[in-house]
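This report refers to the structure that appears directly beneath it.
The values are calculated or read from the model by the stated rules, or taken from the named source; none is laboratory data. Keep in mind that this is a model prediction, so the values were computed, not measured. Cβ sites come from the backbone with ideal geometry, for glycine too, and all protein chains shown count toward neighbours.
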Amino acid sequence: MRIIVLVKQVPETGAVKMDEETGTMVRAGVEAIVNPLDLYAVEAALALKETQGAEVTAVSMGPPAAAKALREVIAMGVDAGVLVSDSAFAGSDTWATGYTLAAAVRRLKGADLILCGERATDGDTGQVGPQTASFLDLPVATYVSSIDAVTTGHIRVSRLVEEGYEGLDISLPALITVVKEVAEPRLPTLGGKKRARNADIPVWTADDLDVDPGRIGLDGSPTRVVKIFRPQVARKAEMIRAEDESEAAAAAGRVVEFMTDRGLL
Amino acid sequence: MSAEAAGIWILAESSSSALTRVSFELLTRGVELAAKRSAQLTALVIGHDLDKAGLNRLTACGADRVIAVEAPALEHFLVEPYAAVMLKMIEKHRPEVIIAGATSLGRTLMPYVAAKADAGLTADCTILDIDRDTGNLLQTRPAIGGNILATIKTPRHRPQMATVRPHSAPPAEPREGRTGEIIRISPPDELLSSRMRRTGFKREESDHPLQDAETVVVVGRGIGRKENIPVAAELADALGAALGATRDVVDRGWLSYPHQVGLSGKTITPKLYIGLGVSGSIQHLAGMQTSQNIIAVNIDPDAQIFRVADAAIVGDLFDVVPALLARARAMGVADG
Ligand SMILES: Cc1cc2nc3c(=O)[nH]c(=O)nc-3n(C[C@H](O)[C@H](O)[C@H](O)COP(=O)(O)OP(=O)(O)OC[C@H]3O[C@@H](n4cnc5c(N)ncnc54)[C@H](O)[C@@H]3O)c2cc1C
């Protein structure tokens with residue numbers, strides 16, 4: 001089968017610092033990594049490659065530097081990578097990103113299965129997967145926690161929803177977004193790293209894709225960020241010592257009082 | 001096209017034909033927006049055999065109109081028929097705003113529809129406002145793990161769509177005597193086809209789904225070992241709370257993945273979060289720092305979790321939890 005994995009390069013979350021003055025993110029010096037939640041999608045694809053036989057292509061949209069993310073997943077075992085990159089794509093919201101990625105998938109002549117992480121840790125919307133599916137007019141299952149069976153033209157999955165796990169049978173081609181439970185990502189191998197270094201990663205610009213110039217990038221994006229600010233609710237913790245048993249009892253009293261005051265009981 | 005779009009819509013959700021809590025939270029938002037814009041408020045419900053009392057409750061809680069689209073094929077959420085129905089309704093009624101819960105349903109259906117409807121969509125909003133004159137929806141959402149808030153507008157496209165974080169508004173209450181129009185529609189078959197089929201459902205063993213819970217007790221690695229989980233579970237039971245976990249606890253197999261809170265788990269906004277032996281890593285905070293009240297118990301006075309806490313108890317959780325249980329029971333505010 002043919003599998004496409006959509007991956008995004010993001011700043012390392014643990015390293016993100018806020019500029020207290022301006023309330024903006026300090027990106028300088030922050031390492032760029034593969035969106036950790038996409039690694040679960042990559043692993044799910046590689047597991048299918050092992051059990052079913054599959055050709056796995058990773059597609060990323062981003063600045064030229066995002067080629068590094070593609071090399072990282074090739075080092076894990078992905079067969080090929082394509083970078084979708086053009087200053088014309090800059091400022092894309094999820095709608096324009098889904099639209100552009102769908103065009104890239106079409107240029108690859110589609111796939112039996114498209115896999116995505118549940119969301120990216122920077123934008124944190126979880127919208128690009130379902131929107132890409134919609135632009136391709138494919139069925140989509142989100143929050144997939146296991147791939148239970150693959151048969152000719154169908155896939156069976158479980159998806160994690162609020163109250164439990166829902167089982168779905170989906171006819172292929174389809175797009176699924178996965179959560180951590182689906183698989184534990186493998187580490188890159190030495191051979192993989194070597195292959196990744198030498199891999200030829202084509203860069204597709206707007207000219208290479210069948211896209212309407214009015215629907216890409218900032219201009220093509222329906223939404224606009226108009227303001228960024230710091231949440232005001234700077235909490236000030238009341239420190240309650242409970243370092244021995246009698247203190248613990250007093251602390252418990254204080255906590256119950258706190259909960260009662262705030263109507264939490 | 002924007003000139004003609006009018007009306008505020010909410011997407012009410014049903015589960016086994018009963019409406020879920022988030023539907024009423026959305027009404028609270030919808031009532032505010034509709035009043036400000038002097039617009040009609042419509043609740044759209046998609047399902048099967050919807051309970052009449054539930055639909056009436058939507059009007060009693062503020063909907064001027066309820067549109068219930070019902071068919072056996074719509075009993076459970078399947079993205080294609082649900083999207084087809086919604087797109088048909090958008091085409092017919094041209095709402096200016098559509099909001100839905102940032103639930104597993106809303107976060108799947110809304111992007112699928114927005115792509116096809118040429119609509120802007122903002123995820124997981126916690127604050128909504130509307131410009132009285134232009135009708136521009138001001139959608140504010142936490143970003144970068146809750147460290148900043150971003151306000152987003154959709155100036156040229158209609159409808160303006162947003163998903164709203166559950167528990168970020170109180171549910172609307174019914175007003176006696178308040179009624180509205182209820183329209184029940186059976187959609188034509190061509191809207192109901194699906195390339196996906198539901199094969200079953202396995203309910204989580206816990207009684208309290210994490211994302212719906214008003215109180216969540218979260219277990220961190222400070223609990224020490226799997227055998228100690230009942231210490232936290234007993235507190236959760238007594239408070240009628242759901243049990244959550246950090247990734248370290250899940251990775252060790254002490255609690256299952258559906259309990260995980262954080263970046264690679266669930267995002268929760270309960271009224272009360274109680275962390276036991278949780279350090280407060282940035283990835284964990286990303287999933288819980290918008291909780292309304294945060295109590296943390298940690299042996300380390302410098303634990304990061306205390307930075308976001310309202311009450312910081314510095315001590316051994318194995319002393320504090322039993323004391324807390326005893327106290328709460330003595331006061332008759334906890335079960336057991
Ligand atoms: C990509 C990525 C995604 C991640 N996603 C998540 C996620 O979704 N959710 C998540 O939680 N983490 C996530 N993590 C992991 C995260 O970085 C932390 O490792 C994790 O949150 C730590 O869990 P913890 O607080 O239980 O453990 P620790 O950090 O080990 O903290 C244990 C705490 O318990 C305290 N303690 C010990 N004994 C006691 C006692 N007897 N009484 C009271 N306190 C005690 C200690 O002082 C310490 O503060 C992610 C990491 C990465 C890189």
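One table, with the values for the structure above:
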item	result
Hits in region B:142-165 - residues which are under 21 Å from B:Met86 (Cα atoms), buried (at least 21 other Cβ atoms within 10 Å of the Cβ) and touching a residue at least 40 places away in the same chain (Cβ under 8 Å)	B:Arg158, B:Pro159, B:Gln160, B:Met161, B:Ala162, B:Thr163, B:Val164, B:Arg165
Odd one out for B:Gly62 among (1) over 29 Å from A:Tyr165 (Cβ atoms); (2) outside any loop (DSSP other than H, G, I, E, B); (3) in contact (Cβ under 8 Å) with a residue 12 or more places away in the chain	(2)
Failed item in (1) within 14 Å of another protein chain (Cβ to nearest Cβ); (2) in contact (Cβ under 8 Å) with a residue 12 or more places away in the chain; (3) not in a strand (DSSP E or B), with A:Arg235 passing the rest	(2)
Test: residue in region B:289-306 that is facing chain A (nearest Cβ under 10 Å), surrounded by 24 or more Cβ atoms within 10 Å (Cβ to Cβ), near the ligand (Cβ under 9 Å from one of its atoms) and part of a helix (DSSP H, G or I)	yes
Looking only at region B:67-86, and only at residues there that are among the small types (Gly, Ala, Ser) and within 14 Å of chain A (Cβ to nearest Cβ), the one that is nearest to the chain's Cα centre (by Cα)	B:Ala83
Which listed residue is within 16 Å of the ligand (Cβ to nearest atom), hydroxyl-bearing (Ser, Thr, Tyr), farther than 30 Å from A:Lys227 by Cα and modelled with pLDDT of 95 or more, from B:Thr199, B:Thr246	B:Thr246
Subset tally (residues that are within 14 Å of chain A (Cβ to nearest Cβ) and either near the ligand (Cβ under 9 Å from one of its atoms) or out of contact with any helix residue (DSSP H, G or I) (no Cβ under 7 Å at 6 or more places or on another chain) (or both)) for region B:208-235	6
Residue match in region A:141-151 (condition: of a type in the set (Phe, Trp, Tyr), assigned to a strand (DSSP E or B) and touching a residue at least 12 places away in the same chain (Cβ under 8 Å))	yes
Scope region B:99-152; condition over 17 Å from A:Arg230 (Cα atoms) and part of a loop (DSSP other than H, G, I, E, B); matching residues	B:Ala102, B:Thr103, B:Ser104, B:Leu105, B:Asp118, B:Ala119, B:Asp131, B:Arg132, B:Asp133, B:Thr134, B:Gly135, B:Asn136
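Rundown of residues vs (1) over 26 Å from B:Gln289 (Cα atoms); (2) of a type in the set (S, T, N, Q), yes/no style:
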residue	(1), (2)
B:Ile127	no, no
B:Leu138	no, no
B:Lys153	no, no
B:Thr163	no, yes
B:Arg175	yes, no
